[in-house]
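The values are calculated or read from the model by the stated rules, or taken from the named source; none is laboratory data. This one's a predicted model, so the numbers in the text were calculated from it and none came from an experiment. Every residue, glycine as well, gets a Cβ built from its backbone with ideal geometry; the counts of neighbours run over all protein chains shown. Areas reflect the complete protein model, heavy atoms only, side chains present, ligands, DNA and RNA absent. Shrake-Rupley method; radii C 1.70, N 1.55, O 1.52, S 1.80 Å.
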2 protein chains.
Amino acid sequence: MRADAKENRARVLTVARELFAERGLEVPMAAIARRAGVGVATLYRRFPTKESLVAEAFTEQFAVCQAFIDEALKDPDPWRGFCTVIEKVCRLQACDRGFTAAFTASFPDLHTEVRDRTWQDFGALVRRAKDSGQLRADFSPHDLTLVLIANGGLSSLPVEIATAASQRLVAYLLESFRAGTDVLPPPVPVSLDLVLG
Amino acid sequence: MRADAKENRARVLTVARELFAERGLEVPMAAIARRAGVGVATLYRRFPTKESLVAEAFTEQFAVCQAFIDEALKDPDPWRGFCTVIEKVCRLQACDRGFTAAFTASFPDLHTEVRDRTWQDFGALVRRAKDSGQLRADFSPHDLTLVLIANGGLSSLPVEIATAASQRLVAYLLESFRAGTDVLPPPVPVSLDLVLG
DNA sequence: TGGTAAGTGGAGACCCCCGTCCGCTTGGCG
DNA sequence: CGCCAAGCGGACGGGGGTCTCCACTTACCA
């Protein structure tokens, strides 16, 4: 690949990440091309479809999430590890309007291995936190999906507000995840694949 | 207004409510017209803009929410009244894909009086529940907006799943709204007007 | 029953978006 | 330095959305 082409590709990716975060996935390809200082054709040569651009733009974010979990599994305090993961992921999500959509839109086809591993590791995290007696026994890993979808709604707010709102929401939720007594409705096996268009 | 015209208008409204609930506000005007058995022009004669149709289609829902609050204020148990309102509104929201969008999209211009009154009444409900010692003192009425936005994200799921998921989410949240001890991040003065495009 | 204004529907103007095509430009090797 | 394939950008096709225009139909009153 020629040097200038490589540089263009990188700039497109950077710009795409910025715009997706600012305005969500519905930002037009033409806008990305313009801000990156290239033509539309260039953009489409490197990323044959908008979906592929989205997938590539967010693989980094997914890796970051996985890293959060890896780190949390090493935390000597299982409950703190559990909380930290949820707090960090939700903060990421609140700051990035495209995050949620990319999570649900580009996951099904691509990244399934990554997702499976993440899911498995999160399961371990949950198990550990339950065994320590600090996470309520009827917490379901599917509740993470619940939290992600709920928290994702906040990203339609302006960034500073979304961040603060997310913090408060997460604080509320974590409080009710702590081991207690109340009976909940049964866990919902929500899968991200279920999110419709 | 001629009799047939009146009937057509009513049918359009019914169909619009159905489709908005099923598929969200992004359903095309042409689809509504087709299902209502009228032409597009007829639809636009009665509702000069899509926004006006949305506003009209959801005024009933807003009235229903207000009714929930009115009823709750009469409940001898303030905490039960508070919980019931949140549960009912969230169930409504989970079943209706257009609800959240209409809430944020059509509210700013129209319905401001209704909204103000609803807001005031909810404030009274909150006050009552706090005075009874069952609602945590640092609960902010703005937290209702938080709940609505969060819960609104669930409506992108298929209806049955969304309903169950919403129930569980609300159960978690209500549990943490109950008077306790933990310190939260400060309340976020979220306004529905802040929701961007 | 007949006139007329209100009502109607479908074609199409206009806009925005995704993705492609094609003639021009340019990096970098021999 | 010269060549040429790799790279480029803008125009354009296709589809789908909102809303308008206009010739035709129909309810309803006298």
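Mind checking whether some residue in the range B:111-129 is of a type in the set (D, E) and within 16 Å of DNA strand C (Cβ to nearest atom)?
Within the range B:111-129, the first condition is being of a type in the set (D, E), and the residues that meet it are B:113, B:116, B:121.
Narrowing further to those that are within 16 Å of DNA strand C (Cβ to nearest atom): none.
Within the range B:111-129, none of the residues are of a type in the set (D, E) and within 16 Å of DNA strand C (Cβ to nearest atom).
If you take just the helices (runs of 4 or more DSSP H) that sit entirely in the range B:111-187, which of them hold at least 3 residues that are at the interface with another protein chain (Cβ under 9 Å from one of its Cβ atoms) and open to solvent by less than 50 Å² (accessible area, probe 1.4 Å)? I'd like the intermediate steps shown before the answer.
On the way: elements: B:112-131, B:142-153, B:159-177.
In the range B:111-187, the matching helices (runs of 4 or more DSSP H) lie at B:142-153, B:159-177.
Pairs only if they're at least six apart or on different chains, beta carbon under 8 angstrom, first in the range B:20-38 and farther than 25 Å from A:V195 by Cβ and more than 13 Å from chain A (Cβ to nearest Cβ), second within 13 Å of DNA strand C (Cβ to nearest atom) and outside any helix (DSSP H, G or I); list them, first residue then second.
B:A33/B:G39
Would you confirm whether any residue within the range B:48-66 is within 16 Å of DNA strand D (Cβ to nearest atom), out of contact with any strand residue (DSSP E or B) (no Cβ under 6 Å at 6 or more places or on another chain) and assigned to a loop (DSSP other than H, G, I, E, B)? Quick ask: steps written out before the conclusion?
Residues of the range B:48-66 within 16 Å of DNA strand D (Cβ to nearest atom): B:48-58.
Now drop any that are not out of contact with any strand residue (DSSP E or B) (no Cβ under 6 Å at 6 or more places or on another chain), which leaves B:48-58.
Right, trim to assigned to a loop (DSSP other than H, G, I, E, B) and you get B:48-49.
Yes, that holds for at least one residue.
Looking at A:P48, A:P76, which is the one that is away from chain B (no Cβ under 14 Å), open to solvent by 50 Å² or more (accessible area, probe 1.4 Å) and more than 13 Å from DNA strand C (Cβ to nearest atom)? Steps first, answer last, please.
Values: A:P48 fails: more than 13 Å from DNA strand C (Cβ to nearest atom).
Testing whether each residue is away from chain B (no Cβ under 14 Å), open to solvent by 50 Å² or more (accessible area, probe 1.4 Å) and more than 13 Å from DNA strand C (Cβ to nearest atom) leaves just A:P76.
Which of the residues spanning the range A:1-32 are in a loop (DSSP other than H, G, I, E, B), within 13 Å of DNA strand D (Cβ to nearest atom) and open to solvent by less than 80 Å² (accessible area, probe 1.4 Å)?
A:P28
Give the range B:51-73 a look and list any residue that's open to solvent by 50 Å² or more (accessible area, probe 1.4 Å) and within 16 Å of DNA strand C (Cβ to nearest atom), or say none.
Result: B:E56, single match.
Quickly run through the range B:1-39 and pick out the residues that are of a type in the set (D, E) and away from DNA strand C (no atom under 12 Å from the Cβ). First the steps, then the outcome.
At the first step, the residues of the range B:1-39 found to be of a type in the set (D, E) are B:4, B:7, B:18, B:22, B:26.
B:E18, B:E22, B:E26, listed by residue number.
Take B:E87 and tell me if it is within 12 Å of DNA strand D (Cβ to nearest atom), surrounded by fewer than 18 Cβ atoms within 10 Å (Cβ to Cβ) and within 14 Å of chain A (Cβ to nearest Cβ). Even if it seems obvious, please write down each step before you answer.
Values: within 12 Å of DNA strand D (Cβ to nearest atom): no; surrounded by fewer than 18 Cβ atoms within 10 Å (Cβ to Cβ): yes; within 14 Å of chain A (Cβ to nearest Cβ): yes.
It is false that B:E87 is within 12 Å of DNA strand D (Cβ to nearest atom), surrounded by fewer than 18 Cβ atoms within 10 Å (Cβ to Cβ) and within 14 Å of chain A (Cβ to nearest Cβ).
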